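Okay, so here's the structure we're looking at.
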Amino acid sequence: MKRNFHTLRVSEVMVDSPVTISPGESLQHALSLLEKHQVHELPVVEHGRLVGIVTDGDLKFFTPAFQLFRDQEELRQTLRELTVAEAMTVEPVSIGPQATLLDATKLIQQYSLGSLLVTEGDRLLGLLSVSDILRLVIEQHET
């Protein structure tokens with residue numbers, strides 16, 4: 001029997017070791033991590049606690065006037081001077097690991113998110129992205 005969105009738990013689908021960053025890191029480092037790992041978001045963790053999330057969209061928001069910079073080095077310098085704490089979303093939307101995939105998908109749709117942080121208290125357990133959900137839909141419909 002195929003498992004469906006009513007019976008699958010978030011913990012069964014999530015990525016359980018997402019790439020993270022600390023709030024004191026530079027936006028340049030965040031951009032490098034996003035590119036290196038080909039992800040769109042970085043949970044922000046400090047002393048083992050989830051304190052926020054920074055996304056590629058947040059970085060774009062902080063560099064909307066990139067055409068105003070004389071060159072790429074000037075842009076990189078600006079990103080080196082700004083920290084993740086200045087760009088991150090504090091108190092991001094999250095869900096518990098035992099929630100159903102349907103509940104998670106509803107939250108993602110309701111808040112127009114690209115991913116959902118999976119937490120227990122203030123501890124990050126994983127990350128569930130739209131791509132993870134789409135991968136599961138494709139797998140279920142190819143068999």
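The values are calculated or read from the model by the stated rules, or taken from the named source; none is laboratory data. Model, not experiment: these values are computed from the prediction. Virtual Cβ from ideal backbone geometry, glycine too; neighbours counted across all protein chains shown.
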* Structure fact -> Counting only residues in segment 46-94 that are in a helix (DSSP H, G or I) and at pLDDT 85 or above, the one surrounded by the most Cβ atoms within 10 Å (Cβ to Cβ) is identified as V84
* **Count - residues of segment 95-143 that are modelled with pLDDT of 95 or more, closer than 15 Å to M14 by Cβ and out of contact with any helix residue (DSSP H, G or I) (no Cβ under 9 Å at 6 or more places or on another chain)** => 8
* Structure fact -> Within segment 8-38, of all residues that are surrounded by 15 or more Cβ atoms within 10 Å (Cβ to Cβ) and under 23 Å from L102 (Cα atoms), the one nearest to the chain's Cα centre (by Cα) is P18
* **Among the residues listed as L127, L117, the single one being part of a strand (DSSP E or B) and under 16 Å from S22 (Cα atoms)** => L117
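Every residue in segment 104-143 that is of a type in the set (D, E) and either within 22 Å of T55 (Cα to Cα) or touching a residue at least 60 places away in the same chain (Cβ under 8 Å) (or both), please.
E120, D122, D132
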